[in-house]
Amino acid sequence: MRLGLLLLFSGALGISTRPEKLAEEPSYTSPPQYVALKFGGAAPRWLVIDGVNAYLDRNLDNRITPDELVEGVLDLDPPPQVKQEVTFEFAAIGGFDRLSVEVTTRDPALDRPGDPDPAATRVIAFAHRGKTYEHVQTISSVTSELAPVAWFSGPRTLGLVEPTVPTALVADDAVEVRVSMGTPGNGRFAFVRHPYDQWIPSHARPEARVTFRPQSPDVESVRKSVRFRGRC
């Protein structure tokens, strides 16, 4: 018997609002990629990736202007299956010392069956505060209407590390549940992870209530309590 995993966490509800549509944009050198970032109680702001350049709407006026351009550093030796990897460094913002953004584009020539969409651009944003940081690993959008919104310095809860990967409960087999502490966002892959060791004491063992939903209507759901034992 196989049952699909439904893991529910109480606490923060994430972001229900989105930033306003951009009123002004420059002439881009390549098809733009959009992500929105929210810091604390401030409104979300736009991050636009333009090839090896990036723009961040620092003053929250919903305008992307040439003076907001940051040039990226191109990795000349990216890992396998990566066509291009660019890193951007932004100055202090939203109570953080700095913001680092890594943008990776896959190489379609090295694609394999089952691999993620090679056209997707992976964006990893690190918001640094001293020796710690919060980070999100998301996928940008070619339109601002569908762009993910990530929330830094938001209310903390627990969330699945890989929420898009189905997990099944099989009779007599062990099941592994991996979660992170952080803040839900708006859209796919918008969960901002926090440094859990700051908020959960080393001796604490959080517990989650897990519901495994049946794959057929004639089978009842299975509910289990899972006490987390390991950290990584």
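Please treat every number below as a calculation from the coordinates, not as lab data. Note that the structure is a prediction, hence the values are computed from the model and not measured. Cβ atoms come from the backbone with ideal geometry, glycine included; neighbour counts cover every protein chain shown.
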Please give the contour-minus-distance gain from GLU89 to ALA42: 0.36 nm per residue of separation, less the Cα-Cα distance, rounded to one decimal in nm.
14.9 nm
Can you give me the long-range amide H partners of ILE200? Hydrogens built in the peptide plane at 1.01 Å from N, cutoff under 5 Å, separation of 5 or more residues or another chain.
none
Among 184-196, 132-144, the order from most to least packed when residues are scored by Cβ within 10 Å on average:
184-196, 132-144
Work out how much length ARG98 to ILE124 would gain on full extension: take 0.36 nm times their residue separation and subtract the Cα-Cα distance, in nm to one decimal.
8.0 nm
Calculated FRET efficiency, LEU76 and VAL222, Cβ-Cβ r, R0 45 Å, to nearest 0.05?
0.35
For the stretch 181-232 and the stretch 130-162, write down the distance between their C-alpha centroids in whole Å.
17 Å
